[in-house]
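Asker: Below is a structure I'd like to ask you about.
Values in this text are rule-based calculations from the coordinates and carry no lab data. On a predicted model such as this, the values are computed, not experimentally measured, just so you know. FYI the Cβ positions are ideal-geometry reconstructions off the backbone, even for glycines, and counts take in every protein chain you see.
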Amino acid sequence: MAELTETTPEAIHSDLASIATTLGGTLTAVIEAIPGGPHRPTPLARKLGISRVTASKMLNALARPNPYEMLQDIPGPESLRAVTAAAPDLGADASLVREAEDAIDRFAQAIRHQFGTRAALNAAISTRSANLQARVEQSSRYEVFKGMRQIMGVEAETWLTSMIFAPSPADPMAMSITTIHGAMRLRRLRPDVPIYFTFGPPKQHNANNTELPSSPFKLNEFCTNTPATMETEVAAGQLVHRLAHDKLGKEAVVDMLAASHNPRGAPRYASPERTKGGVSAFVDIPVKNMICDALVHADLFPGSTPQLLVYNPGARGPANPNDPRRDIDLVAVPEEIECLGNAEDRFDLAEAPRYPDMVKKMCAQIGRDESEFRLFRLRMAYPVTAFQFVMAFRAPPAPQD
């Protein structure tokens, strides 16, 4: 029996492609040799004495043209051995069965000796197809979500970060930034864990003043569910909100929407130290879906298409996309930014039915109309809590005097 001895990625992938091709071909031959084809999962499962789920997974995997996708989806070696053990009594030729058994043994050996686990094998082949990578990424992030929601004692359906970039009326060299953050259909899972949400810098105030600034933007009217009750304090220059209720149960869901405005939020033009600007978002709680929007005024970031940068900040803290030293913290993801431009329905969100009205109100609050803004959107399932998501635009040079 051949062993996988080479450990370079290309050698491993070549061997796995060979294993997949042989495994798929021999198993297909065995299945086709069983009378009654073409086979459907339920009757085939009855004939072979296996579960319908196993039969369905096997048939779906064998139908995949990509060998790596087939290898990821095929049931494990023991389940496949149950198929070959039953096949001779159903009319499959013994030589076909032996070839399939040899292919299964080679598959099992690759898992056991080369990778150690099936999950490690799946991770190794995940980059061989865009579809495969997306499925592996999402299933892996789902596992993180399940663990973090138990640890943190909270979950939500959707996290929304929406940043509106407009020319600053207070400073021609700056952009105003208006930010909406929200956790929608949020529910507490544990009564013993405090739940906090942090939103960007508060309005300028005296650091010794314990009276908190209040946002001029009230968003409760746009909530689909009961607005969350929060207690707010200033910590390290940021507004920190604590979920005030301790209700449990599937009916105790709330929407949390908050907004902030900075008339001089960021420089409008590039400098030697800063050539990129845009959205930087953290997801504070485990969520099933993240929507991150950049609403960019027509006069800002001309001709720039945003770059998606995802960081695992770790001990180094929030990353500056202008600092190449932070490239070591970048995490590859299959998602891409959608450029929705000025499409009439660009603000429609199934997760937030009142989002178009919310955007309209926020734009009006800063003296703008939503038609002035083009939209860029990142949508991600099960974003990893504490990762940093950056939508980086190339800043234009400053005008010459």
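Asker: With runs of 4+ DSSP H residues as the only contributors, calculate the mean residue ellipticity of the chain at 222 nm using -39,500 (n - 2.57) per run, divided by the residue total and rounded to the nearest 500.
Answerer: On the way: 9 runs with 119 residues, N = 401.
The helix contribution divided over the chain gives -9500 deg cm²/dmol.
Asker: Right, something else. Between residue 242 and residue 312, what length in nm is gained on full extension when 0.36 nm per residue of separation is reduced by their alpha carbon distance?
Answerer: That pair, residue 242 and residue 312, stretches by 22.7 nm at full extension.
Asker: Between 312, 60, 320, where does the largest GNM mean-square fluctuation fall for the chain, given springs only between Cα atoms within less than 10 Å?
Answerer: Among 312, 60, 320, the largest GNM mean-square fluctuation belongs to 60.
Asker: In a GNM of the chain with a 10 Å cut-off on Cα contacts, which of 351, 221, 370 has the highest mean-square fluctuation?
Answerer: Among 351, 221, 370, the largest mean-square fluctuation in the Gaussian network model of the chain belongs to 221.
Asker: Work out, step by step, the length gained on full extension between residue 386 and residue 112: first 0.36 nm times the residue separation, then minus their alpha carbon distance; give nm to one decimal.
Answerer: Length gained, residue 386 through residue 112: 95.3 nm.
Asker: Could you give the spread of the C-alpha atoms of segment 279-401 along their three principal axes, from largest to smallest, in whole angstroms?
Answerer: Principal extents (Cα only, largest first): 47, 41, 25 Å.
Asker: I've got another one for you. Place a label point 7 angstrom from the Cα of residue 18 along the Cα-to-Cβ direction, then list the residues of segment 67-86 whose backbone nitrogen is under 18 Å away.
Answerer: It comes to 67-68, 71, nothing else.
Asker: Order 176-185, 86-95 from most to least packed using the mean count of other Cβ atoms within 10 Å. Kindly include the intermediate steps, with their values, before the conclusion.
Answerer: Values: 176-185: 22.9, 86-95: 14.3.
Packing proxy ranking, top to bottom: 176-185, 86-95.
Asker: Something else now. Calculate one ³J(HN,Hα) per residue across segment 328-340 by plugging θ = phi - 60° into the Karplus curve 6.51 cos²θ - 1.76 cosθ + 1.60, and present them in order as whole Hz with x for glycine and proline.
Answerer: Each residue of segment 328-340 in turn: 5, 9, 5, 10, 6, 9, x, 5, 10, 7, 8, 9, 8 Hz.
Asker: Given points 7 Å out from each Cα along the Cα-Cβ axis, report the residue 343 to residue 29 separation in nanometres with one decimal.
Answerer: Each label point is offset 7 Å from its Cα along the Cβ direction, giving 4.8 nm.
Asker: Now a separate question. Tilt of helix 77-86 relative to the longest C-alpha principal axis of the chain, in degrees (0 to 90, nearest 10)?
Answerer: Its long axis makes an angle of about 30 degrees.
Asker: Hey, another quick one. Please give every one of the aspartates and glutamates within straight-line cross-link reach of residue 247, meaning a C-alpha to C-alpha distance under 13 Å, and leave out same-chain neighbours fewer than 8 residues apart.
Answerer: Cα-Cα hits under 13 Å: 192.
Asker: Residues of segment 274-311 with backbone nitrogen within less than 14 Å of a virtual label 7 Å along the Cα-to-Cβ line of residue 224, please, listed as ranges.
Answerer: Under cut-off, by backbone N: 288-291.
Asker: Next question, about the same structure. Dipole size in debye (nearest 20) for the chain around its Cα centre, Lys and Arg Cβ +1, Asp and Glu Cβ -1?
Answerer: The calculated dipole for the chain is roughly 660 debye.
Asker: Let me have the relative contact order for the chain, percent, based on Cα pairs under 8 Å that are six or more residues apart.
Answerer: 17 percent
Asker: If you stretched the chain out fully between residue 323 and residue 123, how much longer would it get, using 0.36 nm times the residue separation minus the C-alpha to C-alpha distance?
Answerer: That pair, residue 323 and residue 123, stretches by 69.0 nm at full extension.
Asker: Which one, 288, 47, 247, has the greatest fluctuation when you compute a Gaussian network model over the chain with C-alpha springs under 10 angstrom?
Answerer: Taking springs between Cα atoms under 10 Å, the residue moving most is 47.
Asker: On to the next question. What does the charge count around residue 99 come to, taking other residues whose C-beta lies under 15 Å from its C-beta (Lys +1, Arg +1, Asp -1, Glu -1)?
Answerer: Details: positive: 81, 98, 106; negative: 32, 93, 101, 102, 105.
With Lys, Arg at +1 and Asp, Glu at -1, the neighbours total -2.
Asker: Quick check on the chain: of the DSSP beta bridges with both residues there, what percent are antiparallel, nearest 5%? Before the final figure, lay out the partial values.
Answerer: Values: 60 of 71 bridges.
Counting only bridges with both partners in the chain, antiparallel ones make up about 85 percent.
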